[in-house]
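Undergrad: Below is one structure. I have some questions about it.
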Amino acid sequence: MPIIRQVSLFNMQVLSLNYSAMIYSLIIRITERIPFIKDLVKRLSTDLRFKVDCGFLVSDEIPSEASYSRMITLISESDALEIVQGSLLLQAISEGSVSDETIAIDATHVEARVRAPCKSDKVEKEPGNWYYFLLWFFV
C-alpha cells in the first residue's frame, strides 16, 4: 500500500503512483536530455518502450506534472538523498573503490542549457538571375 495516494476529483477513484518508476524516469530524463517535466510526461504517454524502460507497467497511469512536482518537493524537503549518498559512499569505501583521502564534494555550478552561438556575420547572397531579369524587364 503506497504511503501517498492521489484521489481523482471527478470519479473519486484512488490512483496509486509508481514512485520508483517516477524516480527512474527523472534520472533517465537527465540522460536523455529531456528539458522539462512536461516533455517527460508527453514522452511517457507517447512512447510505450520508454515508459517500460523507466519502470512503469503497461497498466500504470502516467503521472501528471503536478504529481512529479509534489514528489520532487517531498524528496527535497526530506533527507533521503543525503542518506542514500552516505550509504553509497560507505559501500564504495568498504569495497575499496574509494579511499578516505580521495573523497570530496564538488559544488561547481554547471550550466544547464547550452545556448547556440550567436551568428554575428551574416553572409548576404548575391541576387539571382531573376533580379537581373526584372531589371532588364522594367528598364
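Just so it is clear, none of the values below were taken in a lab; they were calculated from the coordinates. Bear in mind that the values here come from a model prediction, so they are computed numbers and not experimental data. Because the Cβ atoms are built from the backbone with ideal geometry, glycine has one as well, and the counts that use them run over all protein chains shown.
Undergrad: Full extension from Ile93 to Thr73: what is 0.36 nm times the residue separation minus their Cα-Cα distance, to one decimal in nm?
TA: Numbers: separation 20, 0.36 × 20 = 7.20 nm, distance 3.05 nm.
Length gained, Ile93 through Thr73: 4.1 nm.
Undergrad: Using the Karplus equation 6.51 cos²θ - 1.76 cosθ + 1.60 (θ = phi - 60°), what ³J(HN,Hα) coupling, rounded to whole Hz, does each residue of region 51-60 give in order, writing x for Gly and Pro?
TA: Those phi angles translate into 4, 5, 4, 6, x, 6, 7, 4, 7, 6 Hz.
Undergrad: Further, regarding this structure: Around Val52, with a cut-off of 15 angstrom between Cβ atoms, what is the net charge of the other residues, counting Lys and Arg +1 and Asp and Glu -1?
TA: Numbers: positive: Arg43, Arg49, Lys51; negative: Glu32, Asp47, Asp53, Asp60, Glu61.
After counting each charged neighbour, the total is -2.
Undergrad: Binning at 5 Å from 0, report for region 6-100 what percent of all alpha-carbon pair distances ends up in each bin.
TA: Bin by bin from 0 Å, the calculated values are 2, 12, 18, 19, 16, 14, 9, 6, 3, 1, 1, 0.
Undergrad: Right, next: Name the residues of region 72-88 whose amide N is less than 20 Å from a point 7 angstrom out from the Cα of Asp100 along the C-beta direction?
TA: Answer for region 72-88: 86-88.
Undergrad: Can I ask one more? Quick one: what are the phi-derived ³J(HN,Hα) couplings along region 39-50, Karplus 6.51/-1.76/1.60 with θ = phi - 60°, whole Hz, x for glycine and proline?
TA: 5, 5, 5, 5, 5, 5, 7, 9, 10, 5, 5, 5
Undergrad: Using a 10 Å cut-off on Cβ atoms, rank the peptides 80-90, 48-58 from the highest mean neighbour count down. Don't jump to the answer; show the numbers that get you there.
TA: Details: 80-90: 10.6, 48-58: 14.6.
Packing order, densest peptide first, comes out as 48-58, 80-90.
Undergrad: Determine, from the Cβ-Cβ distance of Arg49 and Glu82 and an R0 of 25 Å, the FRET efficiency 1/(1 + (r/R0)^6), rounded to the nearest 0.05. Please list the in-between numbers first.
TA: On the way: r = 34 Å, r/R0 = 1.35.
The computed FRET efficiency comes out at 0.15.
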